[in-house]
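Visitor: Would you mind keeping the following structure in view while I ask a few things?
Where a number appears in this text, it was derived from the coordinates with a stated rule and is not lab data. Owing to the predicted nature of the structure, the values given are computational and were not obtained by experimental measurement. We place every Cβ from the backbone using ideal geometry, glycine too, and count neighbours over all the protein chains shown.
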Amino acid sequence: MSAEFPVARPRRLRRNAAMRRMVSGTRLHPADLILPMFVKESIDEPAPVASMPGVFQHTRDSLRKAAHEAAEAGVGGLILFGIPAVKDARGSAGDDPDGILQVALRDVSAEVGDTLVVMADTCLDEFTDHGHCGILTDAGDVDNDATLERYASIAVAQARAGSQMVAPSGMMDGQVGAIRAALDADGFAGVPILAYSAKYASAFYGPFRDAAECAPRFGDRSTHQQDPAGPLEEALREVRLDLAEGADAVMVKPALAYLDVIRRFRDTVDVPVAAYQVSGEYAMIEAAAANGWVDRERMIMESLVAIKRAGADLILTYWATEVARTL
């Protein structure tokens, strides 16, 4: 039994900054952070993303520079998204050895691959002319099993280019198993898979689709991404399936609207849990700060602490380098 007021005074442990720091129960570390980065083919200068102030579509040169800055700040990893000059229905650039993502992976892996983890998004939406995450049927639906073949090929191409981890984000049934089998067969049994196990059909992705130029030309992604109002048990089923297929770490996306899912993942699984602080979360804080409505730095840190406190071991955030420097 604990004492009660006036003997018990919780404020004693909050009386100054040093005391609060000493008893802090949630600690961020630069190595917890993963920086998402965009690289675009056939541009001469980095292109600002209007809906995400401070985020750019990089050239190969500016990508290398930003990767060095992240490494010097102590960031734990980078995840790359490629934007090709030419797109087609099957996303051919996705597994082209000379495609922009594979070229960028080779660049960055050679420069900072000994300092932080270089990984790649393993999907098709950045590479298809229709903007969907897979191969389409004649009726315009995403063909799950035909898409698995493409994901497997893309993952192998990424591993050959130097990706130290692959991150399938398309939410196709069986995607982790198909990728694991392909990597193992090609000699990449040591390359881990970070599975997007709970990726919701969220309104928070809008600015990302500007950055990656991957908005669907028609329809939406609700047939494969999870329903935000769906039962929590559905997310737990997805994560169990991914682990059974060979996932080495799992992810929840978005983060702040799904802290309960992060917590349940952390309580359920025995692998690292990642959470993606997505573009809409970033854009809201930046927009509010630009209008003088919030304290930008405090809100950034508070949002990241909330994600960490919910149970995330790793956080994908566009503020990774900035926050790592602060930490």
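Visitor: Along the Cα-to-C-beta direction of K65, a point sits 7 Å from the Cα; which residues of segment 34-48 have their amide N less than 20 Å from that point?
Guide: Backbone N within reach: 35-48.
Visitor: Report the residue, chosen from D313, D44, D61, that carries the largest GNM mean-square fluctuation when the chain is represented by alpha-carbon nodes joined by springs under 10 Å.
Guide: The residue that fluctuates most here is D44.
Visitor: Could you work out the relative contact order of segment 216-327? I mean the mean sequence separation of Cα pairs under 8 Å and 6+ apart, divided by the number of residues, in percent. Before the final figure, lay out each step's value.
Guide: Numbers: 106 pairs, mean separation 28.9, N = 112.
Here the relative contact order equals 26 percent.
Visitor: Note the full-extension length gain between A89 and T137 as 0.36 nm times their separation in residues minus their Cα-Cα distance, in nm to one decimal.
Guide: Numbers: separation 48, 0.36 × 48 = 17.28 nm, distance 1.07 nm.
Fully extending the segment from A89 to T137 adds 16.2 nm.
Visitor: Explain nothing, just compute: Karplus ³J(HN,Hα) = 6.51 cos²θ - 1.76 cosθ + 1.60, θ = phi - 60°, for every residue of segment 194-201 in order, whole Hz, x for Gly and Pro.
Guide: 9, 8, 6, 7, 10, 10, 8, 6
Visitor: I want the antiparallel fraction of DSSP beta bridges within the chain, as a percent rounded to 5.
Guide: Working: 3 of 36 bridges.
That works out to approximately 10 percent antiparallel.
Visitor: I want the local charge near A215. Using Cβ-Cβ distances under 14 Å, sum +1 for each Lys or Arg and -1 for each Asp or Glu among the other residues.
Guide: Working: positive: K87, R209, R217, R221; negative: D125, E126, D129, D210, E213, D220.
For residues surrounding A215, the net value is -2.
Visitor: Counting other Cβ atoms within 10 Å of each Cβ, which trypsin sites (Lys or Arg not before Pro) in segment 1-30 have at most 16 and sit in a DSSP loop? Walk me through the numbers before you get to the answer.
Guide: Values: sites: R11, R12, R14, R15, R20, R21, R27; in loops: R15, R27.
Filter output for segment 1-30: R15, R27.
Visitor: Taking a spot 7 Å from the Cα of D173 along the direction of its beta carbon, which residues of segment 125-165 have an amide N less than 11 Å from it?
Guide: Of the residues in segment 125-165, 144-145 have backbone N under 11 Å from the label point off D173.
Visitor: Considering only DSSP beta bridges whose two residues both sit in segment 1-145, what percent are antiparallel, to the nearest 5?
Guide: On the way: 3 of 17 bridges.
The antiparallel proportion sits near 20 percent.
Visitor: In a shell of Cβ-Cβ distance under 12 Å around T147, excluding T147 itself, what net charge do Lys and Arg (+1) and Asp and Glu (-1) give? Intermediate values should be presented prior to the final figure.
Guide: Details: positive: R90, R150; negative: D125, D141, D143, D145, E149, D173.
Net charge in that neighbourhood comes out at -4.
Visitor: Can you work out the FRET efficiency for the pair A17 and D270, with r the C-beta to C-beta distance and R0 = 45 Å, to the nearest 0.05?
Guide: 0.80
Visitor: Further question on the same structure: Could you tell me the relative contact order of segment 40-100? Use alpha-carbon pairs under 8 Å, at least six residues apart, and round to a whole percent. Intermediate values should be presented prior to the final figure.
Guide: Numbers: 47 pairs, mean separation 20.1, N = 61.
Here the relative contact order equals 33 percent.
Visitor: Same structure again: What is the spin-label model distance, in nm, from R27 to N291 if the labels are put 7 Å beyond Cα along the C-beta direction?
Guide: So the label points at R27 and N291 sit 3.8 nm apart.
Visitor: Right, next: Between A229 and V305, how high is the FRET efficiency from 1/(1 + (r/R0)^6) when r is the Cβ-Cβ distance and R₀ = 45 Å? Nearest 0.05. Before the final figure, lay out each step's value.
Guide: Working: r = 27 Å, r/R0 = 0.59.
Between A229 and V305 the formula returns 0.95.
Visitor: What residues qualify as long-range amide H neighbours of S197, i.e. H under 5 Å apart, gap of 5 or more or another chain, H built at 1.01 Å from N?
Guide: Answer set, sorted by chain and number: M251.
Visitor: D313 to D145: FRET efficiency via 1/(1 + (r/R0)^6), r the Cβ-Cβ distance, R0 35 Å, to the nearest 0.05?
Guide: Details: r = 32 Å, r/R0 = 0.92.
Taking R0 as 35 Å, the efficiency between D313 and D145 is 0.65.
Visitor: Still on this model: Could you work out the relative contact order of segment 1-150? I mean the mean sequence separation of Cα pairs under 8 Å and 6+ apart, divided by the number of residues, in percent. Working shown, then result.
Guide: On the way: 221 pairs, mean separation 29.3, N = 150.
Relative contact order here is 20 percent.
Visitor: Right, next: Could you list the GluC sites (Glu not before Pro) in segment 1-82 that lie in coil according to DSSP, counting only those with at most 10 other Cβ atoms within 10 Å of their Cβ? If you can, show how the numbers build up before the last one.
Guide: Working: sites: E4, E41, E69, E72; in loops: E4, E41.
Those that pass, being in a loop and sparsely packed, are E4.
Visitor: Can you grab the distance from the C-alpha centre of segment 7-28 to the C-alpha centre of segment 74-111, Å, no decimals?
Guide: Taking the Cα centre of segment 74-111 as reference, the centre of segment 7-28 is 45 Å away.
Visitor: Which lysines does K308 reach when only Cα atoms under 27 Å apart count, and residues fewer than 8 places away in its own chain are ignored?
Guide: The qualifying lysines are K199, K253.
Visitor: Dipole size in debye (nearest 20) for segment 1-155 around its Cα centre, Lys and Arg Cβ +1, Asp and Glu Cβ -1? It would help to have the intermediate numbers written out before the result.
Guide: On the way: 16 positive and 24 negative charges, 399 e Å.
Using only the charged Cβ atoms, the result is roughly 1920 debye.
Visitor: So what is the orientation-averaged projected area of segment 242-327, using the convex hull of its C-alpha atoms, in nm²? Each step should come with its number before you reach the end.
Guide: Working: hull surface 23.6 nm².
Mean projected area of the Cα convex hull: 5.9 nm².
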